[in-house]
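As structure tokens, the structure follows; a few thoughts come after it.
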Amino acid sequence: MRPDEIYQLLRNLTSPVVAITSERDGKRNGMISDSAVRASIVPTIPRVSVYIHKFNYSHDMIFETGRFVMHLLGADQFELIHQLGFASGRTRDKLARIPHHVGRLGAPVLDECYAHLECEVINVMDTGSSTCFLGQVSEVGYGRANRPKSALMTAAYFRANMPAEWRPEYEAQLEAAQRFAEERSGEIKPVIWRGLGA
């Protein structure tokens, strides 16, 4: 089987598209991810995991503060994905024109979302090109985009329905991310998250 065939099959395993926000030393950022999943089946132990590429501005913010907010998005929130996912927070404040407030953990919470989960990092795993953050959900809320029977945005739905004029930029950024990941995926290092040492 060719690598592109395997990749297309693996694309079926992606999660809903989520917005991830973080804050460090007064600087804030937001980004888009399609690698977030539920990490516990126990109702009283709500946990999520998300992979964040190391080239993302948000990566070090999350790694150094140990907190992030995960937002579930409605299936009509294309513009929010464009604002947070098509530019780097290193060059501009991506949240400047997006309604938000500070959550209980000190990170930004988007007002326009289906729901949000404030998370404290309790463990990490290095994957070479990214870090998998395991988050303990400490606070939950609902945004103005939460409507009865509204569907959640998924990666497959976004790819199939994004505006045609966005596609060249999307494909170029995806190829750049794939090159970065390919170069670094073999450099996996053991990490002991603070508080977990013997």
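Residue separation times 0.36 nm, minus the C-alpha to C-alpha distance between Asp76 and Arg11: what's the value?
Details: separation 65, 0.36 × 65 = 23.40 nm, distance 2.10 nm.
Residue separation times 0.36 nm, minus the Cα-Cα distance, leaves 21.3 nm.
When the chain is treated as a GNM with alpha-carbon contacts under 10 Å, the residue of Ser15, Ser150, Ser88 showing the greatest mean-square fluctuation is Ser150. Extension gain, Met162-Glu182: 0.36 nm per intervening residue step, less the Cα-Cα distance, totals 4.6 nm. Here the Debye sum runs over all C-alpha atoms of the stretch 138-198 as equal scatterers in vacuum, and log10 of I(q)/I(0) at q = 0.12, 0.19, 0.20 Å⁻¹ comes out as -0.69, -0.92, -0.92. Scaling the Cα radius of gyration of the stretch 1-118 by the globular reference 2.2 N^0.38 Å produces a ratio of 1.10. This model, with +1 at the C-beta of Lys and Arg and -1 at the C-beta of Asp and Glu, gives the stretch 14-184 a dipole about its Cα centre of some 260 debye. Centroid-to-centroid, using Cα positions, the stretch 122-198 and the stretch 63-97 are 11 Å apart.
Determine, from the Cβ-Cβ distance of Arg104 and Lys27 and an R0 of 22 Å, the FRET efficiency 1/(1 + (r/R0)^6), rounded to the nearest 0.05.
Values: r = 19 Å, r/R0 = 0.87.
Result of the calculation: an efficiency of 0.70.
Of His53, Met125, Gly141, which is farthest towards the positive pole of the stretch 14-184's charge dipole, taken about the Cα centre with +1 and -1 on the beta-carbons of Lys, Arg and Asp, Glu respectively? Toward the positive end, the furthest listed residue is Gly141. Taking each DSSP H run with n ≥ 4 as -39500 (n - 2.57) and averaging over every residue of the chain yields -7500 deg cm²/dmol at 222 nm. Checking (i) 128; (ii) 149; (iii) 117 against volume of the Cα convex hull per residue in Å³ calculated from these atoms, the matching label is (ii).
With 0.36 nm allotted per residue and the present C-alpha distance subtracted, the Phe86-Asp4 stretch has 27.1 nm of extension available.
Read the figures in this text as sums done on the coordinates, not as results from a lab. Only a predicted model underlies this, so the values are computations on that prediction, with no experimental measurement involved. Please note: Cβ atoms are built from the backbone with ideal geometry, for glycine as well, and neighbour counts cover all protein chains shown.
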